[in-house]
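The values are calculated or read from the model by the stated rules, or taken from the named source; none is laboratory data. Predicted model, so just to flag it, every value in this text is computed and none were measured. Here the Cβ positions follow ideal geometry from the backbone for every residue, glycine too, while neighbour counts run over all protein chains shown.
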Amino acid sequence: MSGERSSEISGFYRRSVAERRRTVQEWAGLTDEQMAAYEFPPGVPAATLERMIENVIGAFPLPLGVATHFRINGKDYLIPMALEEPSVVAAASNTAKLARERGGFTAHATPPVMIGQIQVVQVADPAAARLRILEAKAALLAAANAKDPVLVKFGGGAQDLEVRLVPSSRGTMVVVHLLVDARDAGGMNAVNTMCEALAPEIARLAEGRVVLRIISNLAVHRLARARAIFPAERLATETATGPEVVEAILDAHALALADPFRCATHNKGIMNGISSVVLATGNDFRAIESGAHTYAAWTARDDGGVVRPLTHFERNAAGDLVGTIELPMAIGLIGGATAVHPTAKANVKLLGVRSAAELAQVLAAVGLAQNFGALRALATEGIQRGHMELHARNLAASAGARPEEVDRVVARLIAEHAIRFDRAREIVEEIRRAAPP
């Protein structure tokens with residue numbers, strides 16, 4: 001149709017940032033004021049961002065907060081969290097303060113072993129092919145480790161090899177799992193490189209055709225765990241005793257165990273905390289989330305369930321609430337954005353973690369803290385109360401309230417139980433009409 005905009009822009013990737021901005025401004029009809037939102041934040045060189053992804057036109061800053069009070073394995077942490085959702089940082093901090101009364105969080109991480117998958121199809125004798133591959137394990141592991149001698153030097157590298165027979169709509173597939181200790185890296189590049197190197201020999205041994213050779217984000221060998229005790233007497237509210245709150249949280253957890261619709265939201269709350277720290281440290285939050293949610297389904301298979309909560313809550317002999325968490329944590333301190341993004345590097349230094357395993361422990365503790373905070377709010381006052389003031393502040397700012405007007409607008413929105421943009425704008429106008437000339 002004549003006059004329609006076309007997204008087919010030849011050579012867009014070859015243009016400078018300024019030229020790309022002019023192109024998108026003309027294409028979308030953006031004003032100069034709107035284009036100003038694409039400016040790079042101070043302290044983050046434009047050249048660094050341009051190297052990270054393609055077709056860069058700007059940056060998208062998120063609020064970066066710091067969770068306080070965390071004590072994990074006897075060590076104190078300030079924890080950077082990058083996200084847009086209100087009350088997450090506050091809930092994590094408040095939970096950590098409560099957990100300190102019983103010693104804080106105890107956390108553990110298993111060795112950083114990642115899985116690389118090599119998929120072989122069109123195999124005439126899958127069971128025999130499995131044995132042929134296993135018989136060549138030592139040579140295959142040696143060939144894999146030859147691709148990354150530096151990783152091997154630091155104690156990592158290919159450790160083992162498994163072969164699975166996977167029935168599918170396309171026939172039985174032979175799927176080789178290469179188990180690689182990634183040390184302090186996320187492992188993607190090392191694992192993928194090793195899988196690529198082994199693919200021709202695997203195909204020869206199986207007498208089939210290799211299709212995929214890539215890392216798996218279901219890192220079942222690389223787990224992070226944490227636990228904490230929350231004293232019952234400190235959970236009391238104006239309307240409920242501490243033991244009653246414990247019972248309510250246990251009831252909420254039971255629903256997550258029984259109902260996938262609740263479990264999805266339960267686990268999302270855990271990832272509110274974890275993903276914000278993963279993002280703040282420049283790690284791959286999509287991989288962590290994918291692995292966590294798949295693990296929740298994978299661990300439910302033995303009891304015939306659909307999905308399982310990543311946390312567990314129970315009452316101990318003293319009547320206190322005990323929370324635990326276990327999930328995959330393919331996190332790294334070497335490579336990727338963690339190594340090049342100035343903010344990520346500063347956040348890692350702020351955390352003071354010395355290894356990927358320590359970072360994994362921190363993340364597990366944050367996930368448990370965030371989940372407890374959400375369950376406590378849900379089981380007592382409801383989740384909206386915790387969000388209300390911050391949401392009201394956002395509305396006040398969106399409605400044009402000046403800094404000196406924000407508190408008055410927020411107070412009236414909350415008092416009227418009318419947390420709405422239209423009412424915020426009306427209150428701003430009322431305040432200004434009542435102001436002395």
Given (1) touching a residue at least 40 places away in the same chain (Cβ under 8 Å); (2) under 30 Å from Asn94 (Cα atoms); (3) assigned to a loop (DSSP other than H, G, I, E, B), identify the lone condition not met by Phe60.
(1)
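For every residue, the table says whether it meets (1) among the small types (Gly, Ala, Ser); (2) outside the structural domain of Arg301 (by TED's automatic domain parsing); (3) in contact with a strand residue (DSSP E or B) (Cβ under 7 Å, 6 or more places away or on another chain); (4) in contact (Cβ under 8 Å) with a residue 60 or more places away in the chain.
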site: Val245; (1), (2), (3), (4): no, no, no, yes
site: Leu257; (1), (2), (3), (4): no, no, no, no
site: Arg262; (1), (2), (3), (4): no, no, no, no
site: His266; (1), (2), (3), (4): no, no, no, yes
site: Ser275; (1), (2), (3), (4): yes, no, no, yes
site: Ala287; (1), (2), (3), (4): yes, no, no, yes
Region 1-26, residues that are without any contact (Cβ under 8 Å) to a residue 12 or more places away in the chain, among the hydroxyl-bearing types (Ser, Thr, Tyr) and under 29 Å from Gly282 (Cα atoms):
Ser16
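For every residue, the table says whether it meets (1) in contact with a helix residue (DSSP H, G or I) (Cβ under 6 Å, 6 or more places away or on another chain); (2) over 16 Å from Cys195 (Cα atoms); (3) assigned by TED's automatic domain parsing to the domain that holds Gly171; (4) buried (at least 22 other Cβ atoms within 10 Å of the Cβ).
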| position | (1), (2), (3), (4) |
| --- | --- |
| Ala99 | no, yes, no, yes |
| Val121 | no, no, yes, no |
| Asp125 | no, yes, yes, no |
| Ala128 | no, yes, yes, no |
| Glu135 | no, yes, yes, no |
| Ala138 | no, no, yes, no |
| Ala144 | yes, no, yes, yes |
| Pro149 | no, no, yes, no |
| Lys153 | no, yes, yes, no |
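How many residues are of a type in the set (Val, Ile, Thr) and either in a helix (DSSP H, G or I) or under 28 Å from the mean Cα position of the chain (by Cα) (or both) if we restrict to region 226-256?
4
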Kindly list the number of the only condition in (1) touching a residue at least 12 places away in the same chain (Cβ under 8 Å); (2) on the phi > 0 side of the Ramachandran plot that fails for Gly29.
(1)
Which numbered condition Ala185 misses (of (1) of a type in the set (A, V, I, L, M); (2) under 30 Å from Arg71 (Cα atoms); (3) at pLDDT 95 or above):
(3)
Would you be able to tell me the number of residues in region 32-55 that are exposed (fewer than 11 other Cβ atoms within 10 Å of the Cβ), of a type outside the set (Val, Ile, Thr), on the phi < 0 side of the Ramachandran plot and not in a helix (DSSP H, G or I)?
2
Limited to region 306-324, what total is found for residues that are surrounded by 15 or more Cβ atoms within 10 Å (Cβ to Cβ) and either farther than 15 Å from Ala254 by Cα or free of Cβ contacts under 8 Å to residues at least 24 places away in the same chain (or both)?
1
